[in-house]
Amino acid sequence: MQLDPESPTIYVQTDAAINPGSSGGPLVDTAGHVVGVNTLILSQSGGNEGIGLAIPSNVIRSVYNQVRNGGHVHHHGIGISARNITPALASGLGLNREDGVLIEDVIPQSPAQSSGLMSGDVILSVAEKPVENIRQLALGLYSYAVGENAILEIQRGKQTISYEVPVIEKQDVQGRLADLVTKEQNRIPQLGILALTLDERLLSMVPPLRNQFGVVVAAKESEGAYIGEGPLPGDVIYSVNGTPVRSVDSLRLVLEDLKLGDALVLQVERMGSLHYVVLENEK
């Protein structure tokens with residue numbers, strides 16, 4: 001089952017009773033085999049109404065093995081953005097089919113661009129398997145290892161063309177940041193985060209920023225000592241209550257100087273915009 005037709009994410013649907021608190025537990029069949037991990041329910045009342053969703057066990061197994069062996073999950077790609085074709089989209093663009101997958105964009109300097117794929121191409125198959133939606137496209141690409149060439153058949157106008165496109169690992173900035181931290185060196189307990197000092201190495205990893213200084217939130221560790229909307233992974237903290245912070249050490253010093261009960265206002269850059277994050281200490 002797919003909740004969002006434009007997303008490759010798929011779930012196992014069950015009428016087994018799943019209620020708040022059951023998430024993370026196993027979903028088993030009548031033979032006792034684990035077929036998924038309980039994730040969420042579709043409910044108007046907040047309780048079980050017969051529609052429960054679980055992450056399939058084969059996905060869990062793949063993620064577990066990747067995290068255990070490599071420390072993070074590998075996401076494959078070829079450098080395109082795509083969407084499902086709908087009747088309205090087909091009508092507006094004059095396509096001769098009302099289903100399938102349309103390439104919306106080809107990322108510059110990506111394997112897709114180097115191989116010759118173009119915006120407006122319709123993907124017909126991957127590895128000789130028909131592609132009717134985004135999920136099938138994602139599964140088809142996932143069958144290749146990073147470095148292998150994916151075989152794509154596409155339709156361009158009235159032509160049908162076959163391409164070999166190298167598969168690469170998508171750049172996961174937050175995942176790469178999380179790989180650089182340790183709890184002992186990068187923990188900020190007051191905020192419940194693991195953080196890194198913004199330097200030349202990190203500047204090359206993150207999108208363009210307003211400032212060349214600050215503290216990058218690499219991961220969320222816990223709730224911290226403050227309540228309210230906390231900083232999120234990928235945020236860059238520029239100041240605390242108006243005091244600039246230029247390193248993890250300076251952030252720790254500013255937080256340690258706060259008095260019990262003082263409000264905490266962080267200025268952060270988040271996805272290109274500046275925000276004030278307001279937190280309070282109940283203790």
Checklist entry - Quick check: anything in the range 172-185 exposed (fewer than 13 other Cβ atoms within 10 Å of the Cβ), modelled with pLDDT of 90 or more and either not assigned by TED's automatic domain parsing to the domain that holds Gly230 or not polar (S, T, N, Q) (or both)? => result no
Item to check | Exclusive hit being buried (at least 19 other Cβ atoms within 10 Å of the Cβ) and more than 30 Å from Ser125 (Cβ to Cβ), set Val265, Val215 | outcome: Val215
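Could we say that Leu27 is at pLDDT 90 or above, in contact with a Gly (Cβ under 9 Å, 6 or more places away or on another chain) and assigned to a strand (DSSP E or B) here?
no
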Next on the checklist: Condition first: of a type in the set (A, V, I, L, M, F, W, C) and either at pLDDT below 90 or in a strand (DSSP E or B) (or both). Now tell me which residues in the range 156-171 satisfy that.
Outcome noted: Ile161, Val165, Ile168
Checklist entry - Do any residues in the range 130-142 that are under 19 Å from Pro56 (Cα atoms) have Cβ atoms under 9 Å from those of residues that are part of a helix (DSSP H, G or I), where the two are at least six apart or on different chains, and which pairs are they? => result Tyr142/Ser62
Checklist entry - modelled with pLDDT under 80, surrounded by 15 or more Cβ atoms within 10 Å (Cβ to Cβ) and under 30 Å from Val106 (Cβ atoms) - does that describe any residue in the range 43-59? => result yes
Item to check | Inter-residue pairs, beta-carbon under 6 Å, first more than 16 Å from Pro111 (Cβ to Cβ) and in the range 146-158, second acidic (Asp, Glu), 6+ apart | outcome: Arg156/Asp121
Checklist entry - With the range 197-283 as the region, which strands (runs of 3 or more DSSP E) entirely inside it contain at least 3 residues that are within 28 Å of the chain's Cα centre (by Cα) and closer than 19 Å to Arg176 by Cα? => result 215-220
Checklist entry - Is it the case that some residue within the range 135-145 is exposed (fewer than 13 other Cβ atoms within 10 Å of the Cβ) and either modelled with pLDDT of 95 or more or outside any strand (DSSP E or B) (or both)? => result yes
Next on the checklist: Can you tell me which of (1) modelled with pLDDT under 80; (2) crowded, with 16+ Cβ neighbours inside 10 Å; (3) of a type in the set (S, T, N, Q) is the one Asn69 doesn't meet?
Outcome noted: (2)
Checklist entry - Checking Val106 against (1) within 30 Å of Ser250 (Cβ to Cβ); (2) over 19 Å from the mean Cα position of the chain (by Cα), which test does it fail? => result (1)
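The values are calculated or read from the model by the stated rules, or taken from the named source; none is laboratory data. On a predicted model such as this, the values are computed, not experimentally measured, just so you know. Positions of Cβ are backbone-derived with ideal geometry, glycine not excepted, and every protein chain shown enters the neighbour counts.
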